[in-house]
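Trainee: Once you've had a glance at the structure underneath, I'll fire off some questions.
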Amino acid sequence: MIAIVDYGMGNLKSVHNAFKFIAPAIDSVVTSDPKVINNADRVVFPGQGAMPDCIREIEERNLKDAIIHAAQSKPFLGICIGLQLLFEKSDEGNIEGLKILKGNVCRFVSSKTEKIKIPHMGWNSVAHHGNHPLWANISNHEKFYFVHSYYVKEANSEIVQGQTEYGQKFTSAVAKDNLFACQFHPEKSGSAGLQLLKNFTSWTC
Amino acid sequence: MTLSKRIIPCLDVTDGRVVKGINFIDLQDAGDPVEIAKNYNEQGADEITFLDITASSDNRDLILDIIESVAKQIFIPLTVGGGVRSVNDVRRLLNAGADKVSINTSAILNPELVKESSARFGSQCIVVAIDAKRVDDHWEVFTHGGRNKTGLDALEWAKKMVDYGAGELLLTSMDRDGTKSGFDLELTQQISDAVEVPIIASGGVGNLKHLVDGVKLGKADAVLAASIFHFGEFSIKDAKEFMKNNNVEVRL
């Protein structure tokens, strides 16, 4: 069973729809029950909105321990804010994350020479770093759909699985042991995104 | 490699049916929003926008059913606009599977709606649609298809809406809409330069060069078009190939 963690932030239906579409035989549930998360075979940690609100909602729902446990013990997929929350600290509201991974989250800024639009919104290419099983059947530099104003900075190079260029190069996917997390939205990235979710459903780590 | 410019087809929906774009070939049911959205997705659309132009309040909820069905089968961003009046309207559309909700007239009548919706659901899902028309040496915001003047300066209004939490602006030139003479590039470029968020240019597309001009000269981040795609004149793929050949980064 795949548990999609619901902490009241944004629409999780598209993630759920995508799993039902690519893997109709696999049971997937949207849940805010720590017990269901603990019992799931795989856990998806999506998210949108502002990070301080996310942390507050996670704490209010007593989900922190279940999320940290899942991120260290079974196939775990973080999406967008679900990636950012895994790190130590975010400039957004100057808040501490779940500290599962080392690194910080900061806001995009335009440089003197190049104005960039914020949020970074739309389709951008992801350069693979290594051959992670979740990249199976996905071309290097494939485009995925992004929408975010903050990004992960100073991640350890050994966890970086994907990089994207927006004003500068930034980390758009990370992996460590049983955990994979991406800044883009696979559930909104057409066939490439669905392939990544499909790879996740069969990932043995 | 960098961020692609987006091409967004727009579907006008009333009473649960698509009213423009009925000239598609190979569709079993030409007015079915799900079929049309699928077709656009296959052509490589980067997003799809649904504009609900339903007049009677009885049939307004039909858009929710449409979004639900589309979101089960198509996995690219979906934007819905038309008749969004309250935070609850925004919530219902997002819950049905919309990724972004576009607010137009209600933002003018009640700017707090933009503030409240973006605070509650995040700026990333709030698009403010601005219908602008040139008046003397500047542009003003109009409502009701360009008939009603608001007295608001479009540039100032754009900045205010971004301050209120709009994550994106959908900018339509009412002078150009329906003329097929191209975007109002000056308007698009001025607003794009004035705000930090992405701009979708709309109104006036008659050929593929207009799309290139919209991003190169108008500095738009995305281009929205209805009729050139609906009537089979050009496919999304034609548009993207043309843009690529003119050195515009697109997703092919």
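Trainee: Tell me the net charge near A:HIS185. Cut-off is 15 Å between Cβ atoms, A:HIS185 excluded, with +1 for each Lys or Arg and -1 for each Asp or Glu.
Mentor: Around A:HIS185, the charge tally is +1.
Trainee: Suppose a student asked you for the relative contact order of region B:6-245, using Cα pairs under 8 Å spaced at least 6 residues apart; what percent would you report?
Mentor: 17
Trainee: Pairs of Cα atoms under 8 Å, at least six residues apart: use those to get the relative contact order of region A:1-100, whole percent.
Mentor: 28
Trainee: Let me ask something else about it. Of the candidates B:ASN59, B:ASN207, B:ASN104, which one comes out as most mobile in a Gaussian network treatment of chain B with C-alpha springs shorter than 10 Å?
Mentor: Result for chain B, Cα springs under 10 Å: B:ASN59 fluctuates most.
Trainee: For chain B, give the magnitude of the charge dipole about the Cα centre (Cβ charges: +1 Lys/Arg, -1 Asp/Glu; no others), in debye to the nearest 20.
Mentor: 220
Trainee: Based on Cα positions only, what radius of gyration and what Dmax would you give for region A:20-116, in angstroms?
Mentor: Rg, Dmax (Cα atoms, Å): 15.5, 52.
Trainee: Run the simple label-point estimate for A:ASN156 and A:SER111 please: 7 Å along Cα→C-beta, distance reported in nm.
Mentor: 2.9
Trainee: Check each of the trypsin sites (Lys or Arg not before Pro) in region B:158-241 and keep only those in coil by DSSP with at most 16 other C-beta atoms within 10 angstrom; list them in order.
Mentor: Numbers: sites: B:LYS159, B:LYS160, B:ARG176, B:LYS180, B:LYS209, B:LYS216, B:LYS219, B:LYS237, B:LYS240; in loops: B:ARG176, B:LYS180, B:LYS219.
Qualifying residues, ordered by number: B:LYS180.
Trainee: Follow-up question, since we're still on this one. What Kirkwood Rh does region A:68-148 have if only Cα atoms enter the pairwise 1/r average? Answer in Å.
Mentor: Its Kirkwood hydrodynamic radius stands at 14.9 Å.
Trainee: Exposed loop GluC sites (Glu not before Pro) only (DSSP loop, at most 15 other Cβ atoms within 10 Å): please give the longest stretch of chain B free of them, not including the sites.
Mentor: B:1-195
Trainee: Right, another one. Just the Cα atoms of the protein assembly as shown: what Rg and Dmax do they give in Å?
Mentor: 21.2, 66
Trainee: Same structure, new question: Once you list every other residue whose beta carbon is under 10 Å from the beta carbon of B:GLY146, what net charge do they have if Lys and Arg are +1 and Asp and Glu are -1?
Mentor: Spelling it out: positives minus negatives among the neighbours equals 0.
Trainee: Kindly provide log₁₀ I(q)/I(0) values, in the same order as q = 0.07, 0.12 Å⁻¹, from the Debye equation applied to equal alpha-carbon scatterers of region A:2-202.
Mentor: -0.18, -0.53
Trainee: Can you give the convex hull volume of the alpha carbon atoms of region B:6-245 per residue, in Å³?
Mentor: Cα-based convex hull of region B:6-245, divided per residue, equals 112 Å³.
Trainee: Are there trypsin sites (Lys or Arg not before Pro) in region B:90-133 that DSSP puts in a loop and that have at most 13 other Cβ atoms within 10 Å, and which ones?
Mentor: The qualifying sites: there are none.
Trainee: Around B:ILE74, under 14 Å between beta carbons, what's the net of Lys plus Arg minus Asp minus Glu among the other residues?
Mentor: Residues near B:ILE74 contribute -3 overall.
Trainee: With just the Cα atoms of region B:146-226, tell me how far they stretch along each of the three principal axes, in Å, largest first.
Mentor: Principal-axis extents of region B:146-226 (Cα, largest first): 34, 28, 19 Å.
Trainee: If you don't mind, there's one more thing I want to ask. Note down the relative contact order for region B:99-183 as a percent, whole number, built from C-alpha pairs under 8 angstrom at least six residues apart.
Mentor: Working: 138 pairs, mean separation 26.4, N = 85.
That works out to 31 percent.
Trainee: Considering the options A:GLY103, A:PHE87, A:GLN168, tell which one lies farthest towards the positive end of the dipole of region A:2-202, charges being +1 on Lys and Arg and -1 on Asp and Glu at the Cβ, about the Cα centre.
Mentor: A:GLN168
Trainee: Would you tell me the mean number of C-beta atoms belonging to other protein chains that fall within 10 Å of each C-beta in A:117-128, as a whole number? Before the final figure, lay out the partial values.
Mentor: Numbers: counts 10, 6, 8, 2, 12, 13, 11, 6, 6, 1, 1, 0.
Going residue by residue through A:117-128 and averaging, the value is 6.
Trainee: I've got another one for you. Using the Karplus equation 6.51 cos²θ - 1.76 cosθ + 1.60 (θ = phi - 60°), what ³J(HN,Hα) coupling, rounded to whole Hz, does each residue of region A:107-120 give in order, writing x for Gly and Pro?
Mentor: 8, 5, 9, 6, 8, 4, 8, 9, 8, 10, 7, 10, x, 6
Trainee: Another question about this same structure. Can you tell me which of A:VAL43, A:VAL15, A:VAL109 moves the most in a GNM of chain A? Springs connect C-alpha atoms under 10 Å apart.
Mentor: Highest fluctuation among the options: A:VAL109.
Trainee: For region A:103-143, report the % of Cα-Cα distances exceeding 13 Å. Don't skip to the end; give the middle numbers.
Mentor: Details: 556 of 820 pairs.
Looking at region A:103-143, the distances longer than 13 Å represent 68 percent of pairs.
FYI, it's all coordinate maths here, none of it is from the lab. Values in this document were obtained by computation on a predicted structure and should not be read as measured data. Please note: Cβ atoms are built from the backbone with ideal geometry, for glycine as well, and neighbour counts cover all protein chains shown.
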